[in-house]
Every structure is written in structure tokens, then in C-alpha cells.
Amino acid sequence: MNIIYFLKLQAQTTETDSLLMDMMQDDSSISFLEILSQGGLLMIPLFILSVLTIYVIAERWRSLENSKMDINHTLNSIESLLKSGSQQRAIQYCEEFDKPLARILKAGIRKLGRPIVDIQDSIRKAGKKEIFQLEKRMNWLATIAGVAPLIGFTGTVTGMIRAFMDIQSLQGNVNPSVLAGGIWEALITTATGLIVGIIAFGFYNYLLGKINRMIFELENASADFVDLLQAPTPKKRQED
């Protein structure tokens, strides 16, 4: 009898566990969008900010990757072309690459024959334009990193206001289910705002580091290019 009772109890326990698993699966079947919809209207600007964050990160990442160039190979190729007297071919070589370094060097090559100060000014101006393009839209990420958490905290305030309004309307005779809507709004908007802000802030610093490294490399390459241009000058004077 004890064995039969034990088997029945085990079967009931297994049945209960299966029911609990089904309930957990039903609860987890709530879609992510349904959860976010509980955050109220403030989820709309947070959604827009999240889309902008993804767009800026992807666009800047692709732009920086496409801007990379083998500096030593480029300078050596231009040096050989200039030493052979092929200024136009050097310009054409730069035009083959739609990259910041190539555009900066092309601006300097076009000023060949003028005083070195003019060449340096041309390179400096071209460099400023390229730096501006490299830093393009980075202020969007910085703004989103600051604004998204603030919108999330605003959702916390509005959610708590909604909860207390429910308490007042029911004259204190409330249960947790009545307050659930306001609590959902408070927690979801705060969490979403923090997540969007953290992602934007993290990638802002990461991409800014890549941009600063690229700017440093462009400045060094520009200085090497100016030294390269000054090298042939004494030879020509000796020949004269």
C-alpha cells in the first residue's frame, strides 16, 4: 500500500510540475513588444532614440572602416611618382581612393611649386574637413546618451503619479493588481532609457577613440608628406 501511495504521490507531483512548467511557458510567451507597450507613451521617443543609436553606430563604424588606408604604402607610392616628375599621375593615384588620407595628400600635391607654407595651409584645411567628416553625427550619440535615461526617469515619475492617482480614486482600497499599470510604466521606461543610454554612451567613447587614433595617424602622415616634398628641392638646386 505504501508503494502504491508513493507512486500516486509521485505521479501527482510530476503532474503539478508539468502544470507549473506550462504556466511558466505561458508567462514567458508574452511577447517583448507587449512588455514594452506597458511603458506608455514615453516608449515612443525611447524607441526612436534606440533606432537612431543603431543607425549612427552602424553608419560611423562603416565609415571608419572604409576610411582606413595603408599609410606607408601610399606615401611610398606618391614619393616614387613625384620623384619621377609625375605630379599629375600622383594626383590621379590619390583620386583612385575615396579616403581621407588620399584627399589630404591630393590637396598638398596640387600646390606643388608654391612655397611650403602654402602647401602646409592647403593640407591643414583639407585635414580639418576630413576631421569634421570623421566626427560627423557623433554628437547624436552623446545627446542620446544623456537624454534617454532622463526620458526613462520621466517615465518613472509619470508611472508613480499614475499609481497614486489610482490609490486616490479608490480611496485607498487597492490591491497590487490595481497599481500594476503604474509600476509597469515606471520600471519599463526606466530600464529602457538606461539601456539605450548605456549603449549610446559606450559606443560613443569607443568610436571616439577610433576617430582620435585615425586623426593622429592622418596628422603624422601629413607631416611625413611635407618632409617628403622638401627632400627633392636641394637636388634640383644642385642640378641647376
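Details
- Selection of segment 36-50 for residues being of a type in the set (S, T, N, Q) and either in contact (Cβ under 8 Å) with a residue 24 or more places away in the chain or in contact with a Ser or Thr (Cβ under 8 Å, 6 or more places away or on another chain) (or both) yields 38, 50.
- Tabulated pairs, segment 212-235, first polar (S, T, N, Q), second at pLDDT 85 or above and part of a helix (DSSP H, G or I), C-beta under 7 angstrom, 6+ apart or interchain: 222/104; 222/123; 222/127; 230/116
- Extreme residue, surrounded by the most Cβ atoms within 10 Å (Cβ to Cβ), among residues of segment 67-76 that are over 15 Å from residue 108 (Cα atoms) and not charged (D, E, K, R): 67
- Verdict on residue 64 being surrounded by 13 or more Cβ atoms within 10 Å (Cβ to Cβ), in contact with a Ser or Thr (Cβ under 8 Å, 6 or more places away or on another chain) and under 30 Å from residue 198 (Cβ atoms): no
- Test: residue in segment 153-176 that is at pLDDT below 95 and in contact with a Pro (Cβ under 9 Å, 6 or more places away or on another chain): no
The values are calculated or read from the model by the stated rules, or taken from the named source; none is laboratory data. Bear in mind that the values here come from a model prediction, so they are computed numbers and not experimental data. No Cβ is skipped: glycine too gets one built from the backbone with ideal geometry, and neighbour counts run over all protein chains shown.
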